[in-house]
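Student: Have a look at the structure that comes next, please.
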Amino acid sequence: MGRQIQPIRRIIINNQKTIEMKYNLAYDFTTDKVNHTITIKREFAAERALVWDAFTKSELLEKWFAPKPWKAVTKSMDFREGGHWLYAMVSPEGEKHWGITNYVTIKDKAGYTAKDAFTDEEGTINPALPQAVWDTSFSSNDDRTMVTIVIKYDDLSQLEETIKMGFKEGIGMSFENLDELFANK
């Protein structure tokens, strides 16, 4: 189930610059079909305040929250309890898939809970696609931060549809974008 990221990784940036990152970071992705949950535990080589900002500020989310070559584009963001992040995942050809994160609870630099759904450009939720509640928490150990995300679906079919859409691969690629972002700090 759990795996370790290789201690030395080379990341090519803009097909020119190679960065060596020396670390051994924890990563675990688990599905629980009985409880309709996905649990992700991912460690990052960055201090908690920086990781928190990467998850809660649109200008940073746009730099990592989409598997390459896609990118995230923010239409609006209001990070507060009762606020939201309305964004699109945009392909190189301009294809857009809209989503919204509605923030329910926020504990500064400790975690937040949010409702996540697919939408149209105006933020109207598409009830035919999966919806979930994300409980995201942050803990630190020296210069590393562990992010734990528990994603809860109302039923098994929504969990299975999310997996079929390639969520596991997509979030893994997005986290690699975040590693790259931290390596450049």
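Student: Quick one: is Gly94 of a type outside the set (Val, Ile, Thr), surrounded by fewer than 19 Cβ atoms within 10 Å (Cβ to Cβ) and at pLDDT 95 or above?
Tutor: Taking the combined requirement at face value, the residue satisfies it.
Student: Only one residue in Lys152, Lys168, Lys185 is out of contact with any Gly (no Cβ under 9 Å at 6 or more places or on another chain), touching a residue at least 40 places away in the same chain (Cβ under 8 Å) and farther than 27 Å from Val34 by Cα. Which one?
Tutor: Within the list Lys152, Lys168, Lys185, the selection yields Lys185.
Student: Restricting to the stretch 137-149, what's the tally of residues that are touching a residue at least 12 places away in the same chain (Cβ under 8 Å) and farther than 16 Å from Thr31 by Cα?
Tutor: Within the stretch 137-149, residues that are touching a residue at least 12 places away in the same chain (Cβ under 8 Å) and farther than 16 Å from Thr31 by Cα number 9.
Student: Can Asn184 be described as under 22 Å from Phe44 (Cβ atoms) and open to solvent by less than 60 Å² (accessible area, probe 1.4 Å)?
Tutor: no
Student: From the list Gly166, Gly172, exactly one residue is over 20 Å from Ala49 (Cβ atoms), of a type in the set (Gly, Ala, Ser) and in contact with a Phe, Trp or Tyr (Cβ under 8 Å, 6 or more places away or on another chain). Which is it? Please lay out each step first, then the result.
Tutor: Working: Gly166 fails: in contact with a Phe, Trp or Tyr (Cβ under 8 Å, 6 or more places away or on another chain).
Gly172 is the lone residue from the list that is over 20 Å from Ala49 (Cβ atoms), of a type in the set (Gly, Ala, Ser) and in contact with a Phe, Trp or Tyr (Cβ under 8 Å, 6 or more places away or on another chain).
Student: Identify, from the list Gly82, Gly111, Gly99, the residue that is open to solvent by less than 40 Å² (accessible area, probe 1.4 Å) and either more than 25 Å from Gly166 (Cβ to Cβ) or modelled with pLDDT under 95 (or both).
Tutor: One residue alone meets the criteria, Gly111.
Student: Continuing with the same structure: So, of the residues in the stretch 118-157 that are of a type in the set (S, T, N, Q) and more than 25 Å from Val73 (Cβ to Cβ), which turns out to be surrounded by the fewest Cβ atoms within 10 Å (Cβ to Cβ)?
Tutor: The selected residue is Asn141.
Student: Now a separate question. Looking only at the stretch 55-74, which residues are among the aliphatic types (A, V, I, L, M) and more than 18 Å from Ile151 (Cβ to Cβ)?
Tutor: Scanning the stretch 55-74 gives Leu60, Val73.
Student: Can you tell me which condition Ser76 does not meet? The list is (1) open to solvent by 30 Å² or more (accessible area, probe 1.4 Å); (2) within 17 Å of Ala46 (Cα to Cα), and all the others hold.
Tutor: (2)
The values are calculated or read from the model by the stated rules, or taken from the named source; none is laboratory data. No experiment lies behind these values; they were computed from the predicted model shown. Cβ: placed from backbone, ideal geometry, glycine included. Neighbour counts: every protein chain shown. The protein model used for the area step is the full one, side chains on, heavy atoms only, and it has no ligands, DNA or RNA in it. Shrake-Rupley method; radii C 1.70, N 1.55, O 1.52, S 1.80 Å.
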